[in-house]
Amino acid sequence: MKKLKYIILSLLALLIMSSNAFATHVAGGNITYLKLLQPNTYEITLTLYEACSGNIQLTSNDGRISSANTCGLQNFSNYLLQYMGSQDVSQLCPSYVWQSECNGGSWPGYKMHVWKSTIVLPGACDSWTFNFSECCRNSSTNLVGTGNFYIETDLNSITSPQNSSSVITTPKPIPYYILGQQVTYNLGVYDPDGDLLAFSFVGVLNNSGSYCAYQPGYSANDPLLGITIDSQSGDISFTPSLQGFFVVGVLIEEFNSNGDLVGSVVQDFQIIIIDHPNVIPEVSNAGISNLNSGTVINPFEIQVCEGSNVCFDLEFLDQAPYNTLNITSNISQVIPGATMIQNNNVAPVIVTFCFTAPLVAVNPILTFSIDVNDNACPIVGINSKTVDVKIVSSTYASQDVNICKGDNIQLFAVGGTMFNWSVISGDPIDLGSNFNYNNRNHSSVFVSPDSTTTYEVISDVIGCRNMDLVQVVVSDISSDPFIQFVSCEGENDGVVDYGIYGGVEPYVFNWGHSNSNLDSLDNLFAGIYLLSVVDDIGCTRQFDTLITNLYDKPLTNFTWGPSNPSSMNPVIEFYNNTSNAISYQWEIDVNGTIMTFDAENIDYMFPYVQSGEYPVCLTAISEYGCDSTYCGLVEIQEEFLMYIPNAFTPGDNDFVNNEFKPIITGVDPNYYSFQIFNRNGELIFESTNVDDGWNGYYNGELCQIGGYVWKMTMLDQSTTNSYENIGNVTLLR
């Protein structure tokens, strides 16, 4: 009966307070942004909390935002974002949610509406502001009147072009708390970029640059009596002493590793204080227990090594034995991959949190929030707690690297303030030669080992891993060559096989004159052979090999005499002038018939009275089997002979002696003239062809019987002597 009385009284109190807000509806909200891959492109999200007690409801057409900047860039105004929907966020137990003002009931109810769209800004600027304005705020206890509702968010995109805003994850954006009970509330904020966050109270706005007026006793820093905010965790703590609707503004600022402000978000919301018999749940003051890795610094703060697997327990209490508890957390958003297991739901409730400590980012302290809810009706009791995880850097060296022999490489170490380097295996450190420090704390060094070397770096980190190894693989392309020299001069039986090893396979081989992608070549002549080898990391090595002849060939040569043989004297002696040979093979081509001889010197009679050109070759063989051949062309010239008949009988049909034709051999065919004259000295026949004769005709008629004069001019082709002969010939019938 007593519990029912409190419920009725609480309902009446809330109805009285909410009745003042009959015509108004905005209870809070925020604007956040997510940086997308394209330059100056952001997904902007508008979140508004609507008090369902008002007679004016938010619609999908209300999600309009505007921008401002001081960089002279074009702004957008009343840009309608895409409506994503709404959900009831009334802090009521499930059986009473349907009795909230949002569903036509009498219990105080609130809706959360979300709009989001992708917006491309015209350029980078360190004063971008995104804002939303709407009439009007629902009435509250600590503000004067129900003026306009205005929120804004800042972006400094020159300082941090890739920055995304912090994200608010609380499942109870409009929390209800019970009069007289100490509470902690947290917005569940995390930063996706790992930036350092700072929290503070801020005045709420009714327009750009225009703050709402507070009732006496309240201010931006004291929106509720006795309220405080932790600047690092964002924990809001207070003990409510007055029922009412209290508007609170929280400024969430982001700072990068240089301490520069990169953006800010304002969460404008209301805290509802009621009188209710329920005792809200809480987190046990014993804090963290059963920590498997790391150190408990404070009850809700641990220090762990980056990369370590961490698990711990928290205990949650509730003085009402009939309540069950439900615990939620944003740990998986703050630390990706983290898990939370609730082992039971009746107090005391044990929840196990596990995660792998990430590498230290801008902010070495990761804070995640935990919300505990009971199942009290109609008002659910809530409380919050944050856990700070301080990440201590372990010592890490650079990744293993490959370098070419003779090159140097910069190695780094992180996780510590001072570092000491040594060699585990490989080329010993020679300070100033193959090893040089690059800064005062030795976190950066330049090395140039001659061979593959493993370095150990040890830092001054205490409590976490303070040592790491890094291997520098030196690509030293080497060769184990096999060379087969050319057996005899002029042959192509040489072989070079470089037997490439070392370096980082696979290799690319370039011989210059060959397309082979092997490290060997065969069928080689004597000469210099160059090979360029490039390994898989781009290291290059040049090799060259001189392949010589094992043995020289004979210097084969011969001459013959006489030097100008004729068809009347065709016997020729061949004189062998070869050196460095022990055996010989002669070949004489006589009209297609090959005559062979194996003597050192030979003589040979060519066909009698038969001029022509006769190839003669001599092959000489050395004692090592090397051979060479020399060929010459023997020219047998015709002997200069001339026979001229003194009569002929043309015109008859016996075909005997019908033509007057000199028989001549050894004459130069290019210097020959044959003429016939009659008794009057008239030229009646002429030819420059030694094969032509006179048939006794002139101008188509047979000449008369009688004597005729002939004249021949010629050149002896063997002696180059010239002759001119004149004689008579008788034409008979």
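Report those strands (runs of 3 or more DSSP E) wholly inside the range 454-554 carrying at least 1 residues which are at positive phi and not assigned by TED's automatic domain parsing to the domain that holds L618. If you could, list the steps in order and put the result at the bottom.
Working: elements: 467-475, 482-484, 486-488, 494-497, 508-510, 520-524, 527-534, 540-547, 549-551.
Because the criterion is at least 1 residues that are at positive phi and not assigned by TED's automatic domain parsing to the domain that holds L618, the strands (runs of 3 or more DSSP E) in the range 454-554 that meet it are 520-524, 527-534.
Of the residues T239, T228, T184, which single one is out of contact with any Pro (no Cβ under 6 Å at 6 or more places or on another chain), surrounded by fewer than 22 Cβ atoms within 10 Å (Cβ to Cβ) and more than 21 Å from G28 (Cα to Cα)?
On the way: T228 fails: more than 21 Å from G28 (Cα to Cα); T184 fails: more than 21 Å from G28 (Cα to Cα).
From the options T239, T228, T184, the qualifying one is T239.
I need the full set of residues from the range 536-570 which are of a type in the set (D, E, K, R) and in contact with a Pro (Cβ under 8 Å, 6 or more places away or on another chain), in order please.
In the first step, residues of the range 536-570 are kept if they are of a type in the set (D, E, K, R); the result is 536, 541, 544, 552-553.
Matches in the range 536-570: D536 only.
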message: So in the range 1-48, with the set limited to residues that are touching an Asp or Glu at 6+ places or on another chain (Cβ under 8 Å), surrounded by fewer than 18 Cβ atoms within 10 Å (Cβ to Cβ) and modelled with pLDDT of 50 or more, which one is nearest to L155 (Cα to Cα)?
response: L34
message: Looking at S127, S117, S95, can you tell me which residue is hydroxyl-bearing (S, T, Y) and over 30 Å from S208 (Cβ atoms)?
response: S95
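Test of understanding: among L555, L518, L524, L530, which residue is surrounded by 19 or more Cβ atoms within 10 Å (Cβ to Cβ) and aliphatic (A, V, I, L, M)?
One residue alone meets the criteria, L524.
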query: Just to be sure, is S628 of a type in the set (G, A, S), assigned by TED's automatic domain parsing to the domain that holds E573 and at pLDDT 90 or above?
result: yes
message: If I ask for residues that are touching a Leu at 6+ places or on another chain (Cβ under 9 Å) and exposed (fewer than 14 other Cβ atoms within 10 Å of the Cβ), which ones from the range 49-73 would you list?
response: N61
field: Any chance F255 is farther than 24 Å from L143 by Cβ, aromatic (F, W, Y) and assigned by TED's automatic domain parsing to the domain that holds W107
entry: yes
query: Of the residues N156, N142, N138, which single one is in contact with a strand residue (DSSP E or B) (Cβ under 9 Å, 6 or more places away or on another chain), buried (at least 19 other Cβ atoms within 10 Å of the Cβ) and at pLDDT below 95?
result: N138
message: Condition first: part of a loop (DSSP other than H, G, I, E, B), within 22 Å of Q270 (Cα to Cα), assigned by TED's automatic domain parsing to the domain that holds N55 and in contact with a helix residue (DSSP H, G or I) (Cβ under 8 Å, 6 or more places away or on another chain). Can you find one or more residues in the range 182-203 that meet it?
response: no
Yes/no for V414 being assigned by TED's automatic domain parsing to the domain that holds L314 and either surrounded by fewer than 15 Cβ atoms within 10 Å (Cβ to Cβ) or farther than 30 Å from Q181 by Cα (or both): no
query: Does the range 674-718 hold any residues that are surrounded by fewer than 16 Cβ atoms within 10 Å (Cβ to Cβ), of a type in the set (A, V, I, L, M) and assigned to a loop (DSSP other than H, G, I, E, B), and which are they?
result: I705
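Among the residues of the range 61-79, what is the count of those that are touching a residue at least 40 places away in the same chain (Cβ under 8 Å) and in contact with a strand residue (DSSP E or B) (Cβ under 7 Å, 6 or more places away or on another chain)? Full working, then the answer.
So the first thing to find is which residues in the range 61-79 are touching a residue at least 40 places away in the same chain (Cβ under 8 Å), and the list is 62-71, 73-74, 76, 79.
Now narrow it down to the ones that are in contact with a strand residue (DSSP E or B) (Cβ under 7 Å, 6 or more places away or on another chain): 62-69, 76, 79.
Qualifying residue count, the range 61-79: 10.
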field: Unique residue being under 60 Å from the mean Cα position of the chain (by Cα) and at negative phi when the list is D652, D627, D598
entry: D627
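Looking only at strands (runs of 3 or more DSSP E) that lie completely in the range 356-410, which have at least 1 residues being of a type in the set (V, I, T), touching a Pro at 6+ places or on another chain (Cβ under 8 Å) and surrounded by 17 or more Cβ atoms within 10 Å (Cβ to Cβ)?
On the way: elements: 365-374, 382-392, 401-404.
So the answer is 365-374, 382-392.
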task: Can you confirm whether the range 643-655 contains a residue that is touching a strand residue (DSSP E or B) at 6+ places or on another chain (Cβ under 7 Å), without any contact (Cβ under 8 Å) to a residue 60 or more places away in the chain and not in a strand (DSSP E or B)?
output: no
- prompt: Among strands (runs of 3 or more DSSP E) lying entirely in the range 243-337, which contain 3 or more residues that are buried (at least 17 other Cβ atoms within 10 Å of the Cβ) and in contact with a Leu (Cβ under 9 Å, 6 or more places away or on another chain)?
  reply: 244-255, 261-274, 309-317
query: Which of the residues belonging to the range 599-625 are in contact with a strand residue (DSSP E or B) (Cβ under 6 Å, 6 or more places away or on another chain) and either among the charged types (D, E, K, R) or in the same structural domain as E491 (by TED's automatic domain parsing) (or both)?
result: E600, D603, E613
message: Could you go through the range 118-140 and let me know if any residue there is acidic (D, E) and not in a loop (DSSP other than H, G, I, E, B).
response: yes
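Taking the criterion of being in contact (Cβ under 8 Å) with a residue 60 or more places away in the chain, under 12 Å from E282 (Cα atoms) and outside the structural domain of G180 (by TED's automatic domain parsing), would at least one residue in the range 339-347 satisfy it?
Kept after step one, since they are in contact (Cβ under 8 Å) with a residue 60 or more places away in the chain, are these residues of the range 339-347: 347.
From what's left, under 12 Å from E282 (Cα atoms): 347.
So of that shortlist, the ones also outside the structural domain of G180 (by TED's automatic domain parsing) come out as 347.
Within the range 339-347, one or more residues are in contact (Cβ under 8 Å) with a residue 60 or more places away in the chain, under 12 Å from E282 (Cα atoms) and outside the structural domain of G180 (by TED's automatic domain parsing).
The values are calculated or read from the model by the stated rules, or taken from the named source; none is laboratory data. Model, not experiment: these values are computed from the prediction. Cβ sites come from the backbone with ideal geometry, for glycine too, and all protein chains shown count toward neighbours.
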